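The values are calculated or read from the model by the stated rules, or taken from the named source; none is laboratory data. Owing to the predicted nature of the structure, the values given are computational and were not obtained by experimental measurement. As a convention, Cβ positions derive from the backbone with ideal geometry for all residues, glycine included, and neighbour counts pool all protein chains shown. When the accessible area is computed, the model is the full protein with side chains, heavy atoms only, and any ligands, DNA or RNA have been set aside. Shrake-Rupley method; radii C 1.70, N 1.55, O 1.52, S 1.80 Å.
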Amino acid sequence: MPPRIDFYVSDAAGADVRLRLACRVAEKAYLANQKVVVLLDDAEALRRFDELLWTFGDGSFVPHDTVSAASTCDAPVALTTGPLPVDHADVLLNLAGTLPPAYEKFARVAEFLDGRPEVRAAGRERFKAYRGKSLEPQTHNV
């Protein structure tokens, strides 16, 4: 079964806008007992997202760990800049700027866009790429 693709779009600009939105989606998936992979562009983005998962909401707790090789991950939420854990296939949160590798192995893929023109442009390219693979991405304005 092909993955469900969701684009979450905010008019507000800034990297933290995307990261905070992804934190909320990660928390919802975790609370629904789903295994989550968060794909980020680089070590600094991963560090910032890791930090936000601890602080984005009062009383929120999202157990997570960093994955640096294609292996298993004990935490329900795995953060990575590349290697995907072999045991997480429910939800992929893509915070990278490109189409994620092996996205088709996930039940759901979430993309996050903020108001910055370069982020929107890259998001449009990913939207077109998914459509080119006969998928129908859904857009959610938040």
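Scanning the range 27-50 for residues that are under 14 Å from Thr80 (Cα atoms) and either polar (S, T, N, Q) or in contact (Cβ under 8 Å) with a residue 40 or more places away in the chain (or both) yields Lys35, Val36, Val37, Val38, Leu39, Leu40, Asp41, Ala45, Phe49. Residues in the range 39-64 that are open to solvent by less than 80 Å² (accessible area, probe 1.4 Å) and modelled with pLDDT under 90 were compared, and the one that is nearest to Ala22 (Cα to Cα) is Phe56. Among residues of the range 72-81 being closer than 18 Å to Pro100 by Cβ and hydroxyl-bearing (Ser, Thr, Tyr), the one that is least open to solvent (accessible area, probe 1.4 Å) is Thr80. Of Leu53, Leu92, Leu84, all but one fail to be over 21 Å from Phe127 (Cα atoms), in contact (Cβ under 8 Å) with a residue 24 or more places away in the chain and either in a strand (DSSP E or B) or touching a Ser or Thr at 6+ places or on another chain (Cβ under 9 Å) (or both); the exception is Leu53.
Note on the range 1-20: among residues that are closer than 18 Å to Pro117 by Cβ and in a loop (DSSP other than H, G, I, E, B), the one that is most open to solvent (accessible area, probe 1.4 Å) is Asp11. Restricting Ala32, Ala70 to residues that are modelled with pLDDT of 95 or more, over 11 Å from the mean Cα position of the chain (by Cα), over 21 Å from Arg120 (Cα atoms) and not hydroxyl-bearing (Ser, Thr, Tyr) narrows the list to Ala32. Tyr130 satisfies every condition listed in (1) in a loop (DSSP other than H, G, I, E, B); (2) open to solvent by less than 20 Å² (accessible area, probe 1.4 Å); (3) not basic (Lys, Arg) except (1). Within the range 95-127, if we keep just the residues that are among the charged types (D, E, K, R) and in a loop (DSSP other than H, G, I, E, B), the residue that is surrounded by the most Cβ atoms within 10 Å (Cβ to Cβ) turns out to be Asp114.
Tally up the residues in the range 27-38 that are over 17 Å from Asp114 (Cβ atoms) and open to solvent by less than 20 Å² (accessible area, probe 1.4 Å), please. The total comes to 3.
Every test in (1) modelled with pLDDT under 95; (2) in contact with a Pro (Cβ under 7 Å, 6 or more places away or on another chain) is passed by Leu92 save one, and that test is (1).
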